[in-house]
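First the structure, in the form of structure tokens, and then the observations on it.
The values are calculated or read from the model by the stated rules, or taken from the named source; none is laboratory data. Keep in mind the model is a prediction, meaning the values are calculated, not measured. Reconstructed Cβ throughout: ideal geometry from the backbone, glycine too, with neighbour counts over all protein chains shown. Surface areas here come from the heavy atoms of the whole protein model, side chains and all, with no ligands, DNA or RNA. Shrake-Rupley method; radii C 1.70, N 1.55, O 1.52, S 1.80 Å.
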Amino acid sequence: MRLVLLGPPGAGKGTQAQRLIQRLRLPHISTGEMLRQAIDEGTATGREAKQYLDSGQLVPGQVMVDLVRQRLDQSDCAAGFLLDGFPRTVAQAEALDAYLSQRKTPLDAVLEMHVDEDELLRRLIARGRADDQPDVIRQRMVAYHEQTTPVSAYYRQHGLLNTLDALGTPNEVFARLMAAVELAKPRTQ
Ligand code: AMP
């Protein structure tokens, strides 16, 4: 299956992505992870991206689309994938659609994890990642609202969006995600 997992920072996307890829046996394509790895390795992409990650802003331009396309071209993605952290803008969503429709492998579903904003802030402050400083958190929230909320609307228009309540135990949330995946399955059969 070809899936996109959407959700604001702190929604529990990372945890649920791990569970989904294990259950569905899909490669996990996390652009945040790819960028953090590129920064650790000191590649050109990493050097360019660092300032944006450090300040909680989205990496601009074509870099992300190129990175994702290259990754989707690898053979382990032939039978499907779980995209996490991409697309973050409508431009990225359009680029992804164009690329997948050219390959005749459209998305099966977009899973959106919804959590109330006060709860998100509480969770992020408790998490303590390098980019989880209050100012950076605030900036990542702003980026999410301004640039990523329209991505949900884009997928809703395309009939792909499944929004689910991401409050509750990890097991409860996972069950909701799997129910949405099951609903999407007939599209690919
Ligand atoms: P994440 O781990 O998904 O929260 O991503 C961490 C950071 O990586 C974000 O705050 C952005 O700076 C950058 N990033 C990850 N994915 C993207 C994307 N699709 N477009 C632009 N920037 C991204």
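Numerical summary
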| read-out | value |
| --- | --- |
| Neighbourhood charge, 13 Å Cβ-Cβ cut-off, centred on Ala179 and excluding it, Lys, Arg +1 and Asp, Glu -1 | 0 |
| Relative contact order [Cα under 8 Å, 6+ residues apart], the chain, whole percent | 34 |
| Spherically averaged projected area in nm², based on the convex hull that wraps the Cα atoms of the chain | 10.2 |
| Listed residue (Val110, Phe86, Val63) projecting farthest to the positive dipole end of the range 58-134, Cβ model | Val63 |
| Simple Cβ-charge dipole of the chain, Lys/Arg +1 and Asp/Glu -1, about Cα centre, in debye nearest 20 | 500 |
| Percent accessible area from carbon and sulfur atoms, the range 2-183, protein chains only, probe 1.4 Å | 50 |
| Trypsin sites (Lys or Arg not before Pro) lying in DSSP loop within the range 1-107, provided at most 13 other Cβ fall within 10 Å | Arg25, Arg103, Lys104 |
| Local net charge near Arg36, Cβ-Cβ under 12 Å (Lys/Arg +1, Asp/Glu -1) | -3 |
| Mean accessible surface per residue for the chain, computed with a 1.4 Å probe while every protein chain stays in place, in Å² | 51 |
| Distance from the range 165-187 to the range 1-80 (C-alpha centre basis), Å | 21 |
| Computed [θ] at 222 nm, deg cm²/dmol, the chain (DSSP H ≥ 4; -39,500 (n - 2.57); rounded to nearest 500) | -16500 deg cm²/dmol |
